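**Q** Shown below is the structure under consideration.
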Amino acid sequence: MIQITLPDNSQRQFPGPVTVAEVARSIGTGLSKAALAGKVDGKLVDISAVIERDAKLAIITAKDTEGLELIRHSTAHLLAYAVKTLYPDAQVTIGPVIENGFYYDFSYKRPFTPEDLQAIESKMTELATKDEPVLRRVLPRDEAIDYFKGLGEHYKAELIASIPAGEAVSLYREGAFEDLCRGPHVPSTGKLKYFKLMKVAGAYWRGDHRNEMLQRIYGTAWASKEELRDYLHMLEEAEKRDHRKLGRELDLFHIDEHSPGTVFWHPKGWVVWQQVEQYMRRVYQDNGYLEVKGPQILDQSLWEKTGHWDKYRENMFVTESEKRDFALKPMNCPGHILIFKQGVKSYRDLPLRYGEFGACHRNEPSGGLHGIMRVRAFTQDDGHIFCTADQIQAEVTAFTALLQKVYQDFGFSDIIYKLSTRPEKRIGSDESWDRAEHALAEGLRASGCAFEYLPGEGAFYGPKIEYTLKDALGRPWQCGTIQVDPNMPERLDAEYVGEDGARHRPIMLHRAIVGSLERFIGILIEQHAGALPVWLAPVQAVVTGITDAQADYVEYVAQTLRNQGLRVETDLRNEKITYKIREHSLQKLPYILVAGDKERVASVVAVRARGNLDLGVMSIDAFIERIGADVAGKA
């Protein structure tokens, strides 16, 4: 007898070897129809896999994370099947699952067009409707090489040739198409119903620029029609909110080929930057941080001591002066330790919190650059806390509460908390890791945060917490972090005098709230679709007249508002008022104040709020009170 234990700990017995599909049928017709695969003792297998001994089994359906990945992986194969059906001369290479979808790379004699994509997608739908079974077979490596060479699939043959001799490889067939794959896959093509091809891009074979340029077709696949619809709607919204597009339209910044990966901030964009920086500066001041400023270039020997020269050299910009090698700093932490080491530090000085708006440079690949979200020159709201091991928990609790308040002010309320724990290769004793991980976990619990563990994802020297915010479209952005680091103080010989009079190493906590200011401003622009909250808006109000007769009054109103610290412009152009209102509305200004002769005589203004809201007539003082409340209320 074979005993199968299900996730609810119930058990089923079978007289002999049994397939995953047979177990699913024994549980019920509904589960049998929904089953895509099985997880046997934690290993994902095809639904046709045979279980020959007692085992734990979970039936995987489209509702499971693994089920959705199976759908996407199998849809990549369906894409290749469709391409080979329509374009037999095309050669298939690789087709993995990626976030929210999949891609497949092809070698073909001409570029695929948008019309080709439509034809391929239609063929995929046709093939899926046939509900052809997806069947697995195993071949010896050398036999598989000969098989794919015989099909003219030289890329597949090359892939298999990289597998050690003597090993077997698995192939999956659906209809007339067979592909190399470890699997598992859905049982039949009829399980693949909700997909869409997105775009074509170039990709080098095996990621090497010396190899042939292939064509990569991207697609997305989902478990339901509603999920696909929601995802495509999110993409439409994301395109409207693209910070690069809005940056041009709102005249905030631009990226120039003369300095790739760096940002040229225009006056309006620099106002937004300053609002973010000054806000964070007040956060530092109100929460016990001492603001410092380190140099931009540091000697190579320092980076060798910290270990960055060996591990990060290719991402560093280097320079030379008087036969000494220097590097533009890619991070601020070594400089903060050098500041800490100036003068004798006592246990009474701890925790000591340094903060810096530190400009950093990293030589990111040009293909990875993305607007102001990923650049080569950026400024961090960087901070480092020097403390004892016993102080970590309290610092984490205080930092988490502070981060939550900051995110709330910027309009983010949904935060994901993840605790990365010790990797296999690490330094330090198990006792020190236990203490550090416990301190981070208890710091989160004391803040009332539900969190998940990421086993093995910590740095080699210490665990960390990642704070990921979700934007208005539900997209995650990992911005905040707090990282335990006893390693760098050791490498750079930082120490303090303890209560016992002896010298001790401090623990260094690397922490950031918004991270890169450039990236965070890009996130803000997309979060608010360019309509930044009043306190962040580069222009908070514009005052305009209907005719030239109100010019003096318009200037008076604007100056009165400026005297209250508001960012106000005037519009005295000889244009129709409807034209001016429309133009300022497209610039997403929070308020448009209109003054005609009646308003001038009564010392009032007609107020229009963003979103085409007519708020009627107000006195200047009443408007000041209203906009002041907006500014004070932040997001």
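The values are calculated or read from the model by the stated rules, or taken from the named source; none is laboratory data. Since this is a predicted model, take the numbers as computed values, not measurements. Counting neighbours? That spans all protein chains shown, and the Cβs are built from the backbone with ideal geometry, glycine included. The accessibility values were calculated without ligands, DNA or RNA, using every heavy atom of the protein model including side chains. Shrake-Rupley method; radii C 1.70, N 1.55, O 1.52, S 1.80 Å.
**Q** I'm trying to understand the selection: among the residues of segment 249-273, which are without any contact (Cβ under 8 Å) to a residue 60 or more places away in the chain and within 15 Å of VAL539 (Cβ to Cβ)?
**A** ASP251, HIS266, TRP270
**Q** OK, next. Find the residue count for segment 175-217, including only residues that are in contact with a Phe, Trp or Tyr (Cβ under 6 Å, 6 or more places away or on another chain), under 18 Å from LEU70 (Cβ atoms) and part of a strand (DSSP E or B).
**A** Residues meeting the conditions: 3.
**Q** Report yes if some residue within segment 566-577 is over 16 Å from GLN550 (Cα atoms) and either touching a Gly at 6+ places or on another chain (Cβ under 9 Å) or at pLDDT below 95 (or both); otherwise report no.
**A** Yes.
Results for (1) of a type in the set (Ser, Thr, Tyr); (2) surrounded by fewer than 12 Cβ atoms within 10 Å (Cβ to Cβ); (3) within 19 Å of the chain's Cα centre (by Cα); (4) modelled with pLDDT of 95 or more, shown as yes or no for each residue.
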residue: GLU226; (1), (2), (3), (4): no, yes, no, yes
residue: ARG229; (1), (2), (3), (4): no, no, no, yes
residue: GLU237; (1), (2), (3), (4): no, no, yes, no
residue: ASP251; (1), (2), (3), (4): no, no, no, yes
residue: ASP256; (1), (2), (3), (4): no, yes, no, no
residue: PRO260; (1), (2), (3), (4): no, no, no, no
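**Q** Next question, about the same structure. Go through segment 126-138 and report how many residues are assigned to a helix (DSSP H, G or I) and surrounded by fewer than 13 Cβ atoms within 10 Å (Cβ to Cβ).
**A** Residues that pass the stated criteria total 2.
**Q** Another question, if that's okay. Check off (1) under 22 Å from VAL514 (Cα atoms); (2) assigned to a helix (DSSP H, G or I); (3) open to solvent by 30 Å² or more (accessible area, probe 1.4 Å) for GLN380 and give me the number that stays unchecked.
**A** Tallying (1) under 22 Å from VAL514 (Cα atoms); (2) assigned to a helix (DSSP H, G or I); (3) open to solvent by 30 Å² or more (accessible area, probe 1.4 Å), GLN380 fails exactly one: (2).
**Q** Could you check segment 27-116 for strands (runs of 3 or more DSSP E) lying wholly inside it with 1 or more residues that are among the hydroxyl-bearing types (Ser, Thr, Tyr) and under 24 Å from PHE177 (Cβ atoms)?
**A** Strands (runs of 3 or more DSSP E) meeting the threshold: 101-107.
**Q** Which ones in segment 311-345 are small (Gly, Ala, Ser) and part of a loop (DSSP other than H, G, I, E, B)?
**A** Within segment 311-345, just GLY343 meets the criteria.
**Q** Does any residue of segment 578-585 turn out to be in a loop (DSSP other than H, G, I, E, B), of a type outside the set (Asp, Glu) and surrounded by fewer than 19 Cβ atoms within 10 Å (Cβ to Cβ)?
**A** Among the residues of segment 578-585, not one is in a loop (DSSP other than H, G, I, E, B), of a type outside the set (Asp, Glu) and surrounded by fewer than 19 Cβ atoms within 10 Å (Cβ to Cβ), which makes the answer no.
**Q** Within segment 139-161, does at least one residue satisfy the condition of being part of a loop (DSSP other than H, G, I, E, B), closer than 30 Å to ALA35 by Cβ and open to solvent by less than 40 Å² (accessible area, probe 1.4 Å)?
**A** no
**Q** State all residues of segment 277-297 that are open to solvent by less than 20 Å² (accessible area, probe 1.4 Å) and over 22 Å from GLY335 (Cβ atoms); if no residue qualifies, say none.
**A** If the condition is that a residue be open to solvent by less than 20 Å² (accessible area, probe 1.4 Å) and over 22 Å from GLY335 (Cβ atoms), then TYR279 is the only one that fits.
**Q** Confirm whether GLU495 is touching a Ser or Thr at 6+ places or on another chain (Cβ under 9 Å) and acidic (Asp, Glu).
**A** no
Table: residues versus (1) farther than 21 Å from ASP381 by Cβ; (2) surrounded by fewer than 11 Cβ atoms within 10 Å (Cβ to Cβ).
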residue	(1), (2)
PHE317	yes, no
GLU322	yes, yes
PRO334	no, no
PHE357	no, no
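**Q** Show the residue pairs that are 6+ apart or on different chains and have beta-carbon atoms under 8 Å apart, the first residue being within segment 446-457 and closer than 16 Å to GLU424 by Cβ, the second being open to solvent by 70 Å² or more (accessible area, probe 1.4 Å) and not small (Gly, Ala, Ser).
**A** Listed by first residue and then by second, the contacts come to GLY456/GLU424.
**Q** A further question on this structure: For the condition part of a helix (DSSP H, G or I) and either in contact with a helix residue (DSSP H, G or I) (Cβ under 6 Å, 6 or more places away or on another chain) or over 29 Å from ASP230 (Cβ atoms) (or both), what is the one hit in GLY443, GLY428, GLY456?
**A** GLY443
**Q** Here's another thing I want to ask about it. Scan segment 586-608 for residues that are under 30 Å from SER413 (Cβ atoms) and surrounded by fewer than 17 Cβ atoms within 10 Å (Cβ to Cβ) and jot them down.
**A** Scanning segment 586-608 gives a single hit, LEU586.
**Q** Right, next: What are the pairs with Cβ atoms under 7 angstrom where one residue, in segment 200-212, is among the aliphatic types (A, V, I, L, M) and the other, located anywhere, is modelled with pLDDT of 90 or more and open to solvent by less than 40 Å² (accessible area, probe 1.4 Å)? Sequence gap at least six, or different chains.
**A** Listed pairs, sorted by first residue: VAL200/PHE112; VAL200/LEU117; VAL200/GLN215; VAL200/ILE217; ALA203/ASP105; ALA203/LEU214.
**Q** Hey, another quick one. Which residue is least open to solvent (accessible area, probe 1.4 Å), if the candidates are limited to segment 6-36 and must be touching a strand residue (DSSP E or B) at 6+ places or on another chain (Cβ under 6 Å) and farther than 27 Å from ALA223 by Cα?
**A** Ranking the candidates gives VAL18 first.
**Q** Which one is surrounded by the fewest Cβ atoms within 10 Å (Cβ to Cβ), of the residues in segment 442-467 that are of a type in the set (Asp, Glu) and farther than 23 Å from ASP390 by Cβ?
**A** GLU452
**Q** When the residues of segment 543-563 are narrowed to those that are in contact with a Ser or Thr (Cβ under 7 Å, 6 or more places away or on another chain) and more than 17 Å from TYR579 (Cα to Cα), which ends up most open to solvent (accessible area, probe 1.4 Å)?
**A** GLU555
**Q** Filter segment 399-441 for residues that are surrounded by 15 or more Cβ atoms within 10 Å (Cβ to Cβ) and hydroxyl-bearing (Ser, Thr, Tyr) and give the result.
**A** THR400, TYR407, TYR417, SER420, THR421, SER432
**Q** Now for a different question. Looking at ASP230 and the list (1) touching a strand residue (DSSP E or B) at 6+ places or on another chain (Cβ under 8 Å); (2) under 23 Å from LEU79 (Cα atoms), which single condition is not satisfied?
**A** So the condition that ASP230 fails would be (1).
**Q** Now a separate question. Please specify each residue of segment 108-125 satisfying the condition of being over 12 Å from LEU197 (Cα atoms), over 31 Å from the mean Cα position of the chain (by Cα) and surrounded by 12 or more Cβ atoms within 10 Å (Cβ to Cβ).
**A** Once the filter is applied, which keeps residues that are over 12 Å from LEU197 (Cα atoms), over 31 Å from the mean Cα position of the chain (by Cα) and surrounded by 12 or more Cβ atoms within 10 Å (Cβ to Cβ), segment 108-125 yields only TYR108.
**Q** Turning to a different aspect of this structure: Kindly establish whether ARG313 is surrounded by 13 or more Cβ atoms within 10 Å (Cβ to Cβ), of a type in the set (Lys, Arg) and modelled with pLDDT under 90.
**A** Criteria met by ARG313.
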